[in-house]
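Q: Please see the structure below; I have some questions.
No value in this document is a laboratory result; all are computed from the given coordinates. Since we're looking at a predicted model, the values are computed, not measured. Cβ sites come from the backbone with ideal geometry, for glycine too, and all protein chains shown count toward neighbours.
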């Protein structure tokens, strides 16, 4: 069995999860349960890791071409054999975001290199002011780092800070990542909006996602800036002759500056003592606008570079790298949380993990074969075709409803004549027989022959009394056909339906109409219905 | 692996009845007179609303199997069959053959099997052959009669044939209407069947249906274990559906509580002119939310084609209307960059302080930072007073802000409480509805029938639910659980 992927969930999984759940809405639950349980059985290695399981679920569905269609559930099935697996919306969006962030990183690197070139090019009196370099390449980036850190604060704290309080506040608006995301194609932004939007039902889940995505993208750019500056600084050191010095208008003690520089150099001093400026270096490289050149110190002017490079590494590059790692981890955590807490996620997990219970028929429904394509019943001895369901799309033909005759030869089917409602039917009988029920078929035949004889003798209709609340049975239809066979044409036969409502009578009328017998009629044997003189005869 | 390559090889579909071939699967053929609710009983037990149930006899023309599968393993099968049409003819043939061949009672099942194989019988007795075949293959007999009509001798031939099959049997009295003749049927059926149950297939509760399945297990000791597992699986599945429904309802309540609609309006427009339109939009979204949630709950309970009776009564609409009479209309100013007035004041203060700081520097600090403080105050005040005007400023022909009118969200608990109450009623009706029913869902009628049975919503529970679903809540789990408990209790009360 293929192993499930254990790669962590990403932005594409979140977008695809939302898309998939939106597409699944309204689909039959049984269909979803069947589909997802089949996937769930392959994901048991991810038990206990719900976010990973959900991500694997959306990836598994995306890998199945037939399940990719995001159209309505009733759409035509795609040809899964020939249709290649298209890229999911999430994958496309994530790639676009990655591209935007990549471009941002390139720009950051270029800006970092340019800033470093600028800082190293500013050479009043031929010297590069160390303070200027550190200000541009270390202090300023850390000021922006503080702003970024403000956005990383917990929501409760952040809400109280001006300018960064609102998620859409000016501070966020000016983040380079946010500006970069605005350059994405409209279609991609439309995909991202529900997943990262600030409003809507998912705002609570998407807010941290959006925040950490922007922060990690911004830190990528900042790290690229630091890398560009560092690389340029090293290139300048290697390929040019740099003369550093420091200068200030303020009346500061060199010892104090030395302590400060030593403090900043603490992290690497044990590893690289030369990267910690000595007091002698500080004294000899200080310059004054109108002081004479201390020619003896020329060789010392270049010794600042280790300190500058290490400052760039430790105080510009490293904090950004750490913050980037943290931002990415928090972003992944936010993705995991969003995946597991999204409305509907728990239901997906339940479908993946719960045994699939199916109780419906696997065969197509509503396709019971009818026998209406067979010719209508004739009047012969062949057994009656059992079923004549109502014609689809229209009214089935109905046998005419007649009134009870004044006199008739009565055949009671089963024990129908024992019903209280049969009293007035019995009253109009000039002769009375019984068939069906507990009688044998031979007894039926005998009763039939005698009834036909009596009807001819008396010149009255034949009346077959049935329990109207029971549906017409094939053996009753067979009996009626035998009766017609025995009487020949033009003998009136009335089926008297005892104790039945309109619906039941309708069933009798539809069923008897299939016999195509013009001298056959059906009457509701309601005791309140008065016999019509000469009716049905 | 995330480059689009498939991570999973497609799993071959499980062959139908693959498990069932490995051992004997309990099967139950649902038999009886035409139009006595056989298909309704199957639809109710199989929870399949697509089973053909029609008022005309002869709707079922062939045997159809409804297996209960748990992860592909078939635990039992129901077989819907056509009704008896020529039972006396079949019994006559059986008796004649038994007399001719001297068949003893022990050989009667074999004789029934021979009846089905006899040349010409498939054409002459198509329904009887179709309905007896599953029984001959080993299915138990589930004989269904209508307790709303009296017993008659027409049925005796059917029952006698079934007795001749020698299979374990159970009779179900399914009253299609008033159960006036149940006792009469019990007397008659008791002579032919060891177990007789009364079950209204159209209105049977889930628990009643499970009881019938348990009774199946008592027919044959070998069937007890698979039926026990089937009941356990159905109960677990039911519990999952209840949780799903609770989550769906929780989402509805959360969305309704947070619902607001808004519109940007020109600076010189009167907000009141937008009130009616916004209110209508608010109601429309609310209706859509409720409608969608109801459909989703129905789908959870395997009702994908459920028809609805005409919408609610005027009284119900008026009750909702009254809830919306609280004033949810408001107006605010929106600024570019999403800045709130507070942010704008902070920015103004900072700018003012910076300007004041220049003055402080110019006088060599002798002002003791008074310039910065005063500048900050002035800048903040100007920003506060100018927020509205700033909204009118255009940059590149785009206004920096505008006025916004909004309707919602509701401030009190009334609207979520009423929606929750309506969702509870709808859920109880859907969860308790048998799949055999073909009438439209009429919530107004059901409200009159069930409304009084539900426990009133405790204020503390409502607070807990709303707190759990609010914007400040960490996880909606507690609220969903509270709703789940309510739904569970409702279902029990509705079934009573």
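Q: What is the calculated FRET efficiency for residue A:519 to residue B:221, with r their C-beta to C-beta distance and R₀ = 60 Å, to the nearest 0.05? Provide the component values of the computation, followed by the final result.
A: Values: r = 58 Å, r/R0 = 0.97.
So, using R0 = 60 Å, E works out to roughly 0.55.
Q: Same structure, new question: State whether the stretch B:191-306 is rounded, prolate or oblate according to the following rule on the C-alpha gyration tensor (a ≥ b ≥ c being the square roots of its eigenvalues): a/c under 1.5 gives rounded; otherwise a/b larger than b/c gives prolate, and the remaining case gives oblate.
A: Details: a/c = 6.82, a/b = 3.70, b/c = 1.85.
Prolate, because a/c is 1.5 or more and a/b exceeds b/c.
Q: Quote the convex hull volume per residue of the stretch A:457-531, based on C-alpha atoms, as a whole number of Å³.
A: On the way: hull volume 7.0 nm³, N = 75.
Roughly 93 Å³ of hull volume per residue.
Q: Taking the mean number of other Cβ atoms within 10 Å as a proxy for protection, how do you rank A:446-452, A:431-437, A:142-148 from highest to lowest? Walk me through the numbers on the way to the answer.
A: Working: A:446-452: 18.3, A:431-437: 21.7, A:142-148: 13.9.
Result, highest mean Cβ count within 10 Å first: A:431-437, A:446-452, A:142-148.
Q: Tell me, B:241, B:411, A:53 in order of fewest to most beta-carbon neighbours within 10 Å? Walk me through the numbers on the way to the answer.
A: Values: B:241 21, B:411 11, A:53 25.
In increasing order of surrounding Cβ atoms, one gets B:411, B:241, A:53.
Q: Which FRET efficiency value, to the nearest 0.05, is calculated for residue B:232 and residue B:488 with the Förster distance at 22 angstrom and r the Cβ-Cβ distance?
A: Taking R0 as 22 Å, the efficiency between residue B:232 and residue B:488 is 0.80.
Q: If you wrap a convex hull around the alpha carbons of the stretch A:400-489, what volume per residue comes out, as a whole number of Å³?
A: Taking only Cα atoms, the stretch A:400-489 has a hull volume of 102 Å³ per residue.
Q: Here's something else I'd like to know. Under a no-solvent Debye model with one identical scatterer per Cα of the stretch A:211-273, what's log10 I(q)/I(0) at q = 0.19, 0.24, 0.26 Å⁻¹?
A: Listed by q, the Debye log ratios stand at -1.01, -1.03, -1.04.
Q: Modelling each spin label as a point 7 Å along the Cα-to-Cβ direction, I'd like the residue B:117/residue A:234 distance in nm, to one decimal.
A: If labels sit at residue B:117 and residue A:234, their model points lie 9.0 nm apart.
Q: Of all the Cα-Cα pairs you can form in the stretch A:13-53, what percent are over 11 Å apart?
A: Of the Cα pairs, 70 percent sit more than 11 Å apart.
Q: Just order B:290-301, A:220-231 by mean Cβ neighbour count inside 10 Å, highest at the front, would you?
A: A:220-231, B:290-301
Q: What nm distance separates the two modelled labels at residue A:445 and residue B:280, each placed 7 Å from Cα along Cα→Cβ?
A: 7.9
Q: Sort the following peptides by mean Cβ neighbour count (other Cβ atoms within 10 Å, averaged over residues), highest first: B:455-464, A:403-412, A:339-348.
A: So the order, starting with the most tightly packed, is A:403-412, A:339-348, B:455-464.
Q: Place a point 7 Å from Cα of residue A:337 in the direction of its Cβ. Which residues in the stretch A:141-158 have their backbone N less than 15 Å from it?
A: Within reach of a label on residue A:337: A:152-158.
Q: Something else now. Could I get the Rg over Rh figure for the stretch A:421-469? Both from C-alpha atoms, Rh via Kirkwood, rounded to two places.
A: Value, to two decimals: 0.97.
Q: Ok, one more. For an R0 of 25 angstrom, estimate the FRET efficiency from the Cβ-Cβ distance between residue B:272 and residue B:292 and round to the nearest 0.05. Walk me through the numbers before you get to the answer.
A: Values: r = 31 Å, r/R0 = 1.26.
About 0.20, to the nearest 0.05.
Q: Give me the Å³ per residue figure for the convex hull around the C-alpha atoms of the stretch B:164-205.
A: Details: hull volume 3.6 nm³, N = 42.
Taking only Cα atoms, the stretch B:164-205 has a hull volume of 85 Å³ per residue.
Q: I've got another one for you. I'd like the mean, over residues of B:68-75, of how many other protein chain beta carbons sit within 10 Å of each residue's own Cβ.
A: The shielding value for this peptide is 5.
Q: Full-extension gain between residue A:248 and residue A:280, please, as 0.36 nm times their residue separation minus the C-alpha to C-alpha distance.
A: 9.8 nm
Q: Within 10 Å of each Cβ in A:342-353, how many Cβ atoms from other chains are there, averaged over the peptide?
A: On the way: counts 0, 7, 5, 1, 6, 9, 0, 0, 7, 2, 0, 1.
Partner Cβ neighbours, averaged per residue: 3.
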